[in-house]
Amino acid sequence: MNFIFTCSETGKIFETPDFTITENRGVVIDADGWRRLEARVTLDGPCPYCGQRHTYLDDEMICPFEAVLAPVERRCDVSEEENS
Ligand SMILES: [Zn+2]
């Protein structure tokens with residue numbers, strides 16, 4: 001399953017299935033009442049644009065765990081058809 005990440009160096013967006021959830025504190029309710037997943041995600045491979053292995057908080061990911069855990073406030077532009 002590909003997730004979409006943003007390169008923090010170049011601002012470019014890329015898709016990769018190579019990532020690991022390195023911290024997972026589970027679902028929390030934030031101050032506004034939204035359920036969110038508190039997690040940290042590290043790329044298993046280098047970023048295609050700058051070569052670094054970025055680490056992301058779940059907030060920085062465009063579409064982390066989709067509608068199950070993140071009902072509203074995230075953009076989810078993942079398209080299965082684009083994975084060719
Ligand atoms: Zn990068």
- prompt: When only residues in region 17-58 that are of a type in the set (Ser, Thr, Tyr) and within 16 Å of the ligand (Cβ to nearest atom) count, which is farthest from Cys7 (Cα to Cα)?
  reply: Thr42
message: So in region 4-16, with the set limited to residues that are within 15 Å of Gly51 (Cβ to Cβ) and of a type in the set (A, V, I, L, M, F, W, C), which one is nearest to the ligand (Cβ to nearest atom)?
response: Cys7
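Since every read-out is calculated from the coordinates, none of them should be taken as a lab result. Keep in mind that this is a model prediction, so the values were computed, not measured. Cβ sites come from the backbone with ideal geometry, for glycine too, and all protein chains shown count toward neighbours.
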